[in-house]
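> Take a look at the following structure, please.
The values are calculated or read from the model by the stated rules, or taken from the named source; none is laboratory data. Fair warning: this is a prediction, and the values are worked out from it, not measured in the lab. When we count neighbours, we look across all protein chains shown, and the Cβ atoms used for this are built from the backbone with ideal geometry, even at glycine. Note: accessible area is taken over every heavy atom of the protein model, side chains too, but ligands, DNA and RNA are not part of it. Shrake-Rupley method; radii C 1.70, N 1.55, O 1.52, S 1.80 Å.
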Amino acid sequence: GIFWFFDCEDNLDTAKALLTAAENYQREKGMTQILGNFNLTAMQQMGVMVEGFEKQPYIDQLYTPAHIYQLLEKCGYNRTFPTTTFELDIKNFDFSCLEDEKVKSVRNDPDLSWKTIDKKHMKEQMKFACDLLNSSFKNNPMFVPLTHEEFLFQAKDMSLIIDEKITSYVTHKGKPVGIVIIIPDLNPVMKEVRSRLTFSLPIKLWKFKKKPKRCLLIFASVDPSQHSKGLSLVMLYEAFKNMRDRGYETMGVTWVSDENKAPLAMVKRVGAKPYHRLYLYKKDL
């Protein structure tokens, strides 16, 4: 069984009361193990932070105070499924790391066409984004495929903050085969207004859209038919170039598990630095 989010004051008795209630519920359902924090949605936030508390989280990155993991461990929970978030310096990015023969071949392929997300057709575009996510992530540990309805429910409000110039996709003979979804980091604005609807919020959002500095890579997906051809490298090359042209300085990455070797190799190749360290926490019942 799983729990989605565990949060409380820094008090062991409070933690025990909450976790014991969750454990008892899972036992009644016949479960033999409990696991969390876990969010089975398109947002894919998961884990409990154990390192990097001094670093400001990007939008869509999970952030928990230090006492949360300490309370879990005091209550008999153990770490499992390690993951890391990353940050990339866009302002000083060295594009030569994404230039090789594969990249040149892909960029010169006449069957490939590069496009940016269009807000007017966003609903249609999010459907093939969902399909690409499901097809390319289907073998990842703990990945749960999404229906179009579920994906659109999560993404429908993204049009309010999305920067069309940095979120792009690629087609092969007219069929979408790759997508990179990147959104501006709204967290600094929400911190300013303390996450409240205020009269100043529209003005702050307008200023934020004019000169955004931070953004977050939600996911990059390539259709299995195009794997190992260098398409993902070109997709990132074009995305990073668009970001720098727009004035972005840094990009965050939601999380990559230690088991997922290909994305880990990619973040290492582009020079992204570890940002936060997270684990799922489990306990036998």
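> Can you pull out every residue in the range 118-136 that is at pLDDT below 85 and open to solvent by 90 Å² or more (accessible area, probe 1.4 Å)?
We begin by selecting, within the range 118-136, every residue at pLDDT below 85; these are 118-123.
Passing the criteria: Lys120, His121, Lys123.
> Take residues that are among the polar types (S, T, N, Q) and within 20 Å of Gly47 (Cα to Cα) and tell me which of the strands (runs of 3 or more DSSP E) falling wholly in the range 182-285 contain 2 or more.
250-257
> Ser113 is checked against (1) touching a residue at least 24 places away in the same chain (Cβ under 8 Å); (2) among the polar types (S, T, N, Q); (3) part of a helix (DSSP H, G or I); (4) under 26 Å from Pro184 (Cα atoms) and fails just one. What number does that condition carry?
It fails just one condition, (3).
> Continuing with the same structure: Considering (1) among the polar types (S, T, N, Q); (2) open to solvent by 30 Å² or more (accessible area, probe 1.4 Å); (3) in contact (Cβ under 8 Å) with a residue 60 or more places away in the chain, say which one Ser225 fails and leave the rest.
The single condition Ser225 does not satisfy is (3).
> Hey, another quick one. From (1) surrounded by fewer than 19 Cβ atoms within 10 Å (Cβ to Cβ); (2) at pLDDT below 95; (3) touching a helix residue (DSSP H, G or I) at 6+ places or on another chain (Cβ under 9 Å); (4) under 25 Å from Asp284 (Cβ atoms), pick out the condition that doesn't hold for Asn39.
(3)
> When you scan the range 80-110, how many residues do you find that are farther than 15 Å from Met266 by Cβ, modelled with pLDDT of 90 or more and in a helix (DSSP H, G or I)?
Residues that pass the stated criteria total 1.
> Going by what's in this entry, would Leu72 be described as under 24 Å from Pro57 (Cβ atoms), assigned to a helix (DSSP H, G or I), out of contact with any helix residue (DSSP H, G or I) (no Cβ under 6 Å at 6 or more places or on another chain) and of a type outside the set (D, E, K, R)?
Answer is yes for this residue.
> Something else now. Within the set of pairs 6+ apart or on separate chains, which have a first residue in the range 135-146 that is without any contact (Cβ under 8 Å) to a residue 24 or more places away in the chain, a second that is open to solvent by 40 Å² or more (accessible area, probe 1.4 Å) and among the small types (Gly, Ala, Ser), and C-beta atoms under 9 Å apart?
Final answer for the pair search is none.
> Within the range 200-211, is even one residue at pLDDT 90 or above and open to solvent by less than 80 Å² (accessible area, probe 1.4 Å)? Steps first, please.
If we filter the range 200-211 for residues that are at pLDDT 90 or above, which is where we start, we get none.
Taking every residue of the range 200-211 in turn, none turns out to be at pLDDT 90 or above and open to solvent by less than 80 Å² (accessible area, probe 1.4 Å).
> If you don't mind, another one. Give me the pairs, please: first residue somewhere in the range 263-285 and over 14 Å from Phe81 (Cα atoms) and of a type in the set (Phe, Trp, Tyr), second residue anywhere and modelled with pLDDT of 95 or more and not in a strand (DSSP E or B), beta-carbon distance under 6 Å, and either six or more positions apart or on two chains.
Note: pairs meeting the criteria are Tyr275/Gly52; Tyr275/Lys55.
> May I pose another question? Quick one: which residue in Ile183, Ile179 is under 16 Å from the mean Cα position of the chain (by Cα) and within 25 Å of Gly52 (Cα to Cα)?
Ile183
> Mind listing whichever residues of the range 83-117 are more than 21 Å from the chain's Cα centre (by Cα) and open to solvent by less than 70 Å² (accessible area, probe 1.4 Å)?
Here is the first cut: in the range 83-117, the ones more than 21 Å from the chain's Cα centre (by Cα) are 92, 94-115.
Phe95, Ser96, Cys97, Leu98, Asp100, Val103, Val106, Asp109, Asp111, Leu112, Ser113, listed by residue number.
> Return yes or no: is Ile59 within 30 Å of the chain's Cα centre (by Cα), part of a loop (DSSP other than H, G, I, E, B) and surrounded by 18 or more Cβ atoms within 10 Å (Cβ to Cβ)?
Yes; evaluated as a whole, the condition is true for this residue.
> Still on this structure: State all residues of the range 175-186 that are open to solvent by 30 Å² or more (accessible area, probe 1.4 Å) and either in contact with a strand residue (DSSP E or B) (Cβ under 8 Å, 6 or more places away or on another chain) or under 14 Å from Met122 (Cα atoms) (or both); if no residue qualifies, say none.
Answer for the range 175-186, where residues must be open to solvent by 30 Å² or more (accessible area, probe 1.4 Å) and either in contact with a strand residue (DSSP E or B) (Cβ under 8 Å, 6 or more places away or on another chain) or under 14 Å from Met122 (Cα atoms) (or both): just Pro176.
> Taking the range 137-171, which residues are assigned to a loop (DSSP other than H, G, I, E, B), β-branched (Val, Ile, Thr) and surrounded by 15 or more Cβ atoms within 10 Å (Cβ to Cβ)?
Kept after step one, since they are assigned to a loop (DSSP other than H, G, I, E, B), are these residues of the range 137-171: 138-147, 161-167.
The next check asks that each one be β-branched (Val, Ile, Thr); those that pass are 144, 147, 161-162, 166-167.
Once the filter is applied, which keeps residues that are assigned to a loop (DSSP other than H, G, I, E, B), β-branched (Val, Ile, Thr) and surrounded by 15 or more Cβ atoms within 10 Å (Cβ to Cβ), the range 137-171 yields Ile161, Ile162, Ile166, Thr167.
> In the range 241-273, how many are basic (Lys, Arg) and within 30 Å of Lys207 (Cα to Cα)?
4
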